[in-house]
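The values are calculated or read from the model by the stated rules, or taken from the named source; none is laboratory data. Small disclaimer: the values here were computed from a predicted structure and weren't measured. We place every Cβ from the backbone using ideal geometry, glycine too, and count neighbours over all the protein chains shown.
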Amino acid sequence: MMASTLLRDLKRKLNGWVILSGIGAMAALLPSFYILIGLFRKPNENWQHIREYMLVDYALESLRLVGGTVAFAVMIGVALAWLVAAYDFPLRRFFAWTFVLPLAMPPYIAAYTYGSMLSYTGSVQTFMRNKLGWTVNQSYFDIMSMKGAIFIFTLFLFPYIYLITKSFLEKQSAAFIDNARLLGKGPVYIFLRVVLPLSQGAIVGGASLVAFEVLNDYGVSKHFGIQSFSTAIFKTWFGMSDIDSALRLSALLMMVIIGLFVIERLLRGRKKYHSTVSRSTPLRRRKLRGIQAAAAVVFSTIVLSLSFIIPVLQMIVWAGWTYHDVLDMRFAGMLNNSLVLSGVSIALIMLLAVIVANVNRYGRTFFSRMMSRVIAMGYSIPGAVLSIGVLAVFLSLDRQLAGVYEQLGLGAGKLVLSMSLVMLVFAYTVRFLAVGYNAVEAGFDKIGNRYSEASRMLGLGMTRTFFKVDLPMIRGSVLAGLVLVFMEIVKELPLTLLLRPFNFDTLATKAYQYASDEQIHQASVPSLMIIAVGILSVVFYHWLGERNAR
């Protein structure tokens, strides 16, 4: 009886939207499945050597890198979020949105820039020797180290923590903070005993994003000579030509990622705070004066200068020296590659994001919750790891379709899908689907279900309701998701490096290629274009947020 009831419910709920969302979720899960089964394969001699002599070093280096970055990013991000949310000081509104701009600069580009600026022949030491007559100890400017990598990651990833914590403090903490102020508590007490415990979920959420970004990195670790898991996967794949060992390394790193994902969910779910009033009021800012206001401006200026203004100005100078050597027809073709690849990927990502989010809002079932978890997990998987899983999926597909290729005259054993842009578009879709999905889901949460339910009661189906009722109201959220996905794809490096077809370059791979060939000045031109895309995306996203708030 129960089985027949469940079957009837399934048939009643099953439609094209549910089928497409299920297919999308299963496709997103395939690379992870292929990675994890790599642990059960018989290891080869290379793996025995890696496990015995190198694996512990990879783990410890990655742990130091993630731990140091998260610690410093939390300190800076939370401090700035509290400063901007709770206090009013000169240029506060300017700093409030410019603190997001470091996200427009990929950390690997910042690493190349700072590494060249601080070298013996770089602009900083050259100025000190030629203009000031100072000869300094080289160890003071040695950024090519673990400490330097943590410095870079902290400066260019803290906005994740800043954004999430600031949003929480402004919208949901006013009652608690106002009560503490009425009781006569000082700012230090309020920050340590109220703000930090209250913001634990937001801080952990932002810190997890920082940790995932650090584990995803390849460019910074490679440039600074750090033996992280991502660099180890690249080295094993390309240096040893050993895909099996690279797959096992990817599987181990993915197990760590899953563990971090579970820990993050547990930490965020342990404490929940509810306002004592039915309507949330915005946090009232206290005006800083005198030395306190000056200190806030100085601190904000130092952070913004180090994390955005200084490296961008340096790259503009370098671009002025080299643009005539870089901007040619090949560069135009590379720019076209980036735009076309991004456009196709964005279209597929946003289509799937809308389908899955729409299914999830109508039926909060176990199936829909699992789909959202699968989609969210894709963004947390490092690019080097995901590329191994995607390659394994497409190699398997090519083997299955070998007979079809032969009948089409393409030859026996031909790698068709594995050598095409289809594989790279698929990888982008799996990795960045969560970005588009979160934006669309936020739009659906904002408008609720009352309009769509009224439409359904009037006889319109799910598809017509979406296009006539839902889409006009979530248009801003879909556009915001599109902008965020575009920014992520343009600056993505590990996936593109590993899965691109031969002789296919994008802005990110060209900047990396120039930097790897010690042509840092030439790398500034494609790097500035990536940053320009990021800036425009951040500004447009901020404008959308302000418009929706009004």
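Tallying residues that are closer than 13 Å to Ala86 by Cβ and either aliphatic (A, V, I, L, M) or in a helix (DSSP H, G or I) (or both) within the stretch 175-188 yields 7. When Ile349, Ile316, Ile302 are checked against the criterion of being touching a Leu at 6+ places or on another chain (Cβ under 9 Å), part of a helix (DSSP H, G or I) and surrounded by fewer than 16 Cβ atoms within 10 Å (Cβ to Cβ), Ile316 stands alone in meeting it. Taking the stretch 124-139, which residues are closer than 22 Å to Leu313 by Cβ, touching a residue at least 12 places away in the same chain (Cβ under 8 Å) and not aliphatic (A, V, I, L, M)? Residue satisfying the conditions is Gln125 alone. Listed by first and then second residue, the pairs with beta-carbon distance under 7 Å, at least 6 apart or on different chains, first residue in the stretch 27-45 and free of Cβ contacts under 8 Å to residues at least 12 places away in the same chain, second surrounded by fewer than 16 Cβ atoms within 10 Å (Cβ to Cβ) and of a type outside the set (D, E, K, R), form an empty list.
Only a single item in (1) of a type outside the set (A, V, I, L, M); (2) under 27 Å from Asp325 (Cα atoms); (3) crowded, with 23+ Cβ neighbours inside 10 Å is not met by Ser477, and it is number (2). When Val422, Val404, Val393 are screened for being buried (at least 20 other Cβ atoms within 10 Å of the Cβ), among the β-branched types (Val, Ile, Thr) and part of a helix (DSSP H, G or I), only Val393 passes. Residues in the stretch 139-174 that are in contact with a Ser or Thr (Cβ under 9 Å, 6 or more places away or on another chain), at pLDDT below 85 and either more than 28 Å from Val210 (Cα to Cα) or not in a helix (DSSP H, G or I) (or both): Ser173 alone. The single condition among (1) surrounded by fewer than 20 Cβ atoms within 10 Å (Cβ to Cβ); (2) aromatic (Phe, Trp, Tyr); (3) over 21 Å from Val538 (Cβ atoms) that Phe94 does not satisfy is (3).
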